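Q: Pasting in a structure now, in structure tokens, and then I'll have a few things to ask.
The values are calculated or read from the model by the stated rules, or taken from the named source; none is laboratory data. Source: prediction; values computed, not measured. For neighbour counting, all protein chains shown are included, and Cβ atoms are generated from backbone atoms with ideal geometry for every residue, glycine included. Just so you know, the surface numbers come from the protein's heavy atoms only, side chains and all, with ligands and any DNA or RNA stripped out. Shrake-Rupley method; radii C 1.70, N 1.55, O 1.52, S 1.80 Å.
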Amino acid sequence: MNGQPKPHILFTREEVEATVNRLAAEVRRDYQGKHPLLIGILKGSFVFMADLIRLLDFPLEVEFITLSSYGRGRSTPGGIKVVKGLRAEVKGRDVLIIEDIVDTGLTISFLLDYLGKKKPASLRLCALTDKPSRRQVPVTIDYLGFTVPNKFIVGYGIDWDERFRYLPDICFVEVED
Ligand code: PRP
């Protein structure tokens with residue numbers, strides 16, 4: 001594509017801030033005193049994770065995991081692999097996955113299965129956005145920020161073709177699929 005598509009605001013930075021505050025309150029209510037292990041999926045979760053943990057004023061641990069991505073066209077969870085894994089021990093921990101967007105659900109389904117095999121004490125999902133119209137496998141989201149329409153979502157860490165992660169608002173771009 002020539003040039004750069006124009007991002008349109010879906011949720012303003014103020015709405016994002018209010019929602020991250022709400023999610024932090026929910027996480028604090030459920031995890032205070034449990035020394036949870038928060039695992040962010042790179043790259044998209046890094047902005048959300050950074051804001052969320054600064055609202056959690058109790059002991060917790062932060063980890064990141066990188067999973068391979070085969071692009072939007074992929075259709076089977078079998079193709080997903082761990083590219084960069086965890087250093088922390090998962091066994092016996094209260095694990096909370098931090099994700100920027102659940103789309104087909106293939107990425108998170110893979111990770112829930114992968115982490116579940118490591119025998120955590122508990123395993124839950126906190127997702128900033130959910131695009132249920134694209135779902136291929138069922139996913140339970142324990143802490144959800146926004147439900148988004150079937151558009152290319154960008155901003156607040158989320159990219160389109162590695163662009164727009166820096167936008168402070170959650171936006172969408174209109175591009176050819
Ligand atoms: C995006 C997003 C999720 C995943 C969701 O990551 O961050 O991890 O896709 O899609 P799914 O539900 O269809 O599996 P992407 O692979 O684009 O990598 P990125 O986080 O580095 O941008």
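Q: Residues that are at negative phi, in contact with a Phe, Trp or Tyr (Cβ under 6 Å, 6 or more places away or on another chain) and surrounded by 14 or more Cβ atoms within 10 Å (Cβ to Cβ): does region 84-92 have at least one?
A: No, region 84-92 has no match at all.
Q: Another question, if that's okay. If a residue must be open to solvent by less than 10 Å² (accessible area, probe 1.4 Å) and in contact with a strand residue (DSSP E or B) (Cβ under 8 Å, 6 or more places away or on another chain), how many such residues does region 106-135 contain?
A: Residues flagged as open to solvent by less than 10 Å² (accessible area, probe 1.4 Å) and in contact with a strand residue (DSSP E or B) (Cβ under 8 Å, 6 or more places away or on another chain) within region 106-135 amount to 8.
So that you can scan it fast, the table gives a plain yes or no per residue for (1) within 11 Å of the ligand (Cβ to nearest atom); (2) over 14 Å from the mean Cα position of the chain (by Cα); (3) at pLDDT 95 or above; (4) closer than 23 Å to Leu167 by Cβ:
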{"residue": "Gln4", "(1), (2), (3), (4)": "no, yes, no, yes"}
{"residue": "Tyr31", "(1), (2), (3), (4)": "no, yes, yes, no"}
{"residue": "Lys34", "(1), (2), (3), (4)": "no, yes, yes, no"}
{"residue": "Leu37", "(1), (2), (3), (4)": "no, yes, yes, no"}
{"residue": "Ile41", "(1), (2), (3), (4)": "yes, no, yes, yes"}
{"residue": "Leu52", "(1), (2), (3), (4)": "no, no, yes, yes"}
{"residue": "Arg74", "(1), (2), (3), (4)": "yes, yes, no, no"}
{"residue": "Pro77", "(1), (2), (3), (4)": "yes, yes, no, no"}
{"residue": "Gly85", "(1), (2), (3), (4)": "no, yes, no, no"}
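Q: If you check every pair at least six apart or on different chains, which have Cβ atoms under 6 Å apart with a residue in region 133-160 that is without any contact (Cβ under 8 Å) to a residue 40 or more places away in the chain and within 9 Å of the ligand (Cβ to nearest atom) first and a residue that is in a loop (DSSP other than H, G, I, E, B) and open to solvent by less than 50 Å² (accessible area, probe 1.4 Å) second?
A: Correct list of pairs: Arg134/Asp103; Arg134/Thr104; Arg135/Gly105; Val139/Gly105.
Q: Val62: within 16 Å of the ligand (Cβ to nearest atom), open to solvent by 20 Å² or more (accessible area, probe 1.4 Å), outside any loop (DSSP other than H, G, I, E, B) and not small (Gly, Ala, Ser), yes or no?
A: Taking the combined requirement at face value, the residue does not satisfy it.
Q: Residue by residue through region 16-29, note down the ones that are closer than 20 Å to Arg165 by Cα and free of Cβ contacts under 8 Å to residues at least 40 places away in the same chain.
A: Glu17, Ala18
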